Amino acid sequence: MSDHNPKEPNINSLSLDLTQLIFSSLPLPSLLRASAVCKLWNSLISSPSFTSPCLSYPWFFLFGLHNTSSRNNQSFAFDPLSNAWFLLPRLDDPSSSSAFLGSNGFFFTTTPNFSYTPVLKSAWRFTSPLKFSRLNPLLGVFYDGSSGGLGFKFIVVGGVRFIGGLVDIEDRLAVEIYDPNRDSWELCPALPADFRSGNSSQSLSSALFKGKFYVSGIYSCFVSSFDLRNRVWSEVQTLRPPGVIFSFLIPCNDMLVLAGMCNAPRGPSFNLWKIDETTLEFSEISIMPQSLLHSLVESEEDENFASLKCVGMGNLIYVFNEEYHQKYPSCLCEISAENGKCSWRRVPRLPLPVNKFHKVISFCSTVSLTHSFPQQ
C-alpha cells in the first residue's frame with residue numbers, strides 16, 4: 001500500500017510544462033541527477049525545447065597534460081552556478097599526441113592527425129589532413145549559417161609547423177577552415193606577417209566576436225581580425241593601454257574585453273577594458289581587487305605575475321595561475337548584462353589530489369545537455 005497522501009502535492013501530478021519549468025531552475029549537476037531518475041524526466045530534460053539559464057553560463061575547463069605518462073593527465077570543469085569543480089573522466093588521446101587544445105565545446109588534437117571530441121563525451125572523430133599541420137595553433141568554433149548538418153566549422157590559425165622534426169622558419173602562418181559536413185579544409189589568407197615572431201597559442205590570444213576571429217599578441221599587443229564571411233584580414237593595429245605588460249582579448253556578450261596585467265604607479269594590477277571593435281579605443285571597466293590578485297601569486301615580483309592566464313566568454317572572465325606549486329588558483333569576474341557592473345570572486349581550489357602537469361590547457365565553454373548525460 002502506498003504511503004502517499006493523495007491530498008499532498010506530488011511532482012508526478014504536475015503538468016509537463018510545469019515540471020520542465022522547475023527543472024529549468026536547477027544547476028547542471030542537479031539536472032544530470034534528475035535525468036537519471038526515470039525515462040520521463042530524462043526525455044523532458046533532453047528535449048530540444050528545454051531551456052535553462054545554466055546552459056548559457058560558460059564553464060571553466062582546465063586540462064592538465066603530463067608529458068611522460070598520460071595516466072597522470074587530469075581534466076577539471078568548474079560550474080559557476082554551483083560554484084564547484086568536477087573531475088572529468090580521463091580523456092584518452094586517440095593519436096598519442098601532446099598537441100591538445102580546447103575551444104568552445106570541444107577538445108582537439110592537431111598533430112600528427114587532426115581530431116576532435118565534445119568536452120563531456122569522449123567520441124573522437126578524425127578529419128582529413130590539414131594542408132599545413134602544426135602545433136599550438138589558435139582554434140575557434142563558429143556557426144556561419146551555411147554549414148547545415150552539424151552546423152559548425154573550425155578555424156585554425158598560425159601555430160608552429162615542423163618539417164623533419166625541425167621548426168619551419170618559412171612557415172606561411174597558415175589559416176584553414178574545416179567543414180565537418182564535407183570533411184574538407186579551406187586554405188585562407190595567412191595570418192599577417194606582423195605576428196611571425198610569435199604565432200602560436202603560447203604568445204597569442206583570440207576571440208570570436210560578431211562574425212570575426214580576432215587575434216592579439218599577448219606581449220606585442222598587435223591586433224587584427226579575420227572576417228569569417230569575406231575571408232580577409234584587417235589592418236594590424238596596436239592595442240596597449242598605459243602600463244600593460246601582457247594582455248588577453250576576451251569575447252563577452254555584447255563587447256570585446258581586454259584583460260591585462262599592468263605595472264601602474266600604484267603597483268601591479270589586473271585590469272579590464274571595454275574595446276570598441278571599430279576604432280579599438282578602450283575604456284577601463286574594472287580592476288581586480290588586490291586581495292584576489294595577491295591570492296593568485298606568492299609575491300609581488302614581476303616573474304610571478306607572468307604565469308597568470310586569462311580566458312572567458314559570455315559574461316564571465318576567469319584568471320588563473322598555471323604554475324603547479326600554486327595548485328592553479330583562480331578567480332572570476334562576472335559582468336552584469338543589465339548595468340555592466342563587474343563582480344569579482346575567488347574560485348574554489350581544485351579537488352585533490354592534483355597531479356603535476358607539464359602543460360595546462362584552459363578555455364571556457366557552455367555545456368550541451370546532449371553531451372552531458374546518458375540517454376535511457
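Just one residue in the set 270, 226 is more than 24 Å from residue 152 (Cα to Cα) and either of a type outside the set (D, E, K, R) or in contact with a Lys or Arg (Cβ under 8 Å, 6 or more places away or on another chain) (or both); that residue is 270. Whenever a residue of the range 16-30 is in contact (Cβ under 8 Å) with a residue 60 or more places away in the chain and on the phi < 0 side of the Ramachandran plot, its partners that are assigned to a helix (DSSP H, G or I) and surrounded by 15 or more Cβ atoms within 10 Å (Cβ to Cβ), lying with C-beta atoms within less than 6 angstrom and at least six residues away or across chains, give the pairs 28/54.
To keep it simple, each residue is scored yes or no on (1) at pLDDT 95 or above; (2) among the polar types (S, T, N, Q); (3) within 21 Å of the chain's Cα centre (by Cα).
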| residue | (1), (2), (3) |
| --- | --- |
| 200 | no, yes, yes |
| 204 | no, no, yes |
| 212 | yes, no, yes |
| 215 | yes, no, yes |
| 220 | no, yes, no |
| 225 | yes, yes, yes |
| 228 | yes, no, yes |
| 238 | yes, yes, no |
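Do we find that residue 330 is over 21 Å from residue 254 (Cβ atoms) and more than 19 Å from the chain's Cα centre (by Cα) in this structure? Judged against the criteria, residue 330 is not a match.
To keep it simple, each residue is scored yes or no on (1) at pLDDT 80 or above; (2) outside any helix (DSSP H, G or I); (3) surrounded by 14 or more Cβ atoms within 10 Å (Cβ to Cβ).
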position	(1), (2), (3)
2	no, yes, no
44	yes, no, yes
49	no, yes, no
76	yes, yes, yes
91	no, yes, yes
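Restricting attention to the range 271-281, does a residue exist that is touching a helix residue (DSSP H, G or I) at 6+ places or on another chain (Cβ under 6 Å) and at pLDDT below 95? So far as the range 271-281 goes, no, none of its residues is touching a helix residue (DSSP H, G or I) at 6+ places or on another chain (Cβ under 6 Å) and at pLDDT below 95. Here no strands (runs of 3 or more DSSP E) wholly within the range 183-245 include at least 2 residues being farther than 24 Å from residue 100 by Cα and not assigned by TED's automatic domain parsing to the domain that holds residue 101.
Would the range 290-302 turn up any residue that is buried (at least 17 other Cβ atoms within 10 Å of the Cβ), over 30 Å from residue 358 (Cβ atoms), in contact (Cβ under 8 Å) with a residue 40 or more places away in the chain and in the same structural domain as residue 213 (by TED's automatic domain parsing)? Among the residues of the range 290-302, not one is buried (at least 17 other Cβ atoms within 10 Å of the Cβ), over 30 Å from residue 358 (Cβ atoms), in contact (Cβ under 8 Å) with a residue 40 or more places away in the chain and in the same structural domain as residue 213 (by TED's automatic domain parsing), which makes the answer no. Scanning the range 31-42 for residues that are surrounded by fewer than 19 Cβ atoms within 10 Å (Cβ to Cβ), part of a helix (DSSP H, G or I) and either assigned by TED's automatic domain parsing to the domain that holds residue 109 or in contact (Cβ under 8 Å) with a residue 40 or more places away in the chain (or both) turns up 32, 39, 42.
Just to be sure, is residue 245 in contact with a Cys (Cβ under 9 Å, 6 or more places away or on another chain) and either without any contact (Cβ under 8 Å) to a residue 12 or more places away in the chain or buried (at least 20 other Cβ atoms within 10 Å of the Cβ) (or both)? Answer is no for this residue. Within the range 53-66, the only residue that satisfies the criterion of being modelled with pLDDT under 75 and either farther than 15 Å from residue 81 by Cβ or surrounded by 16 or more Cβ atoms within 10 Å (Cβ to Cβ) (or both) is 54.
Report yes if residue 107 is modelled with pLDDT of 90 or more, among the aromatic types (Phe, Trp, Tyr) and either in contact with a Gly (Cβ under 6 Å, 6 or more places away or on another chain) or assigned to a strand (DSSP E or B) (or both), otherwise no. Spell out the reasoning first.
Values: modelled with pLDDT of 90 or more: no; among the aromatic types (Phe, Trp, Tyr): yes; either in contact with a Gly (Cβ under 6 Å, 6 or more places away or on another chain) or assigned to a strand (DSSP E or B) (or both): yes.
So residue 107 fails the test.
Applying a threshold of 6 Å to beta carbon distances and a minimum spacing of six or more residues, or different chains, the list of pairs starting in the range 345-364 at a residue that is in contact (Cβ under 8 Å) with a residue 40 or more places away in the chain and ending at one that is surrounded by 13 or more Cβ atoms within 10 Å (Cβ to Cβ) and of a type in the set (Asp, Glu) reads 360/322.
Across the range 315-339, the number of residues qualifying as out of contact with any strand residue (DSSP E or B) (no Cβ under 7 Å at 6 or more places or on another chain) and in contact (Cβ under 8 Å) with a residue 40 or more places away in the chain comes to 1.
The values are calculated or read from the model by the stated rules, or taken from the named source; none is laboratory data. Because the structure is a prediction, the values reported are computed rather than measured. Virtual Cβ from ideal backbone geometry, glycine too; neighbours counted across all protein chains shown.
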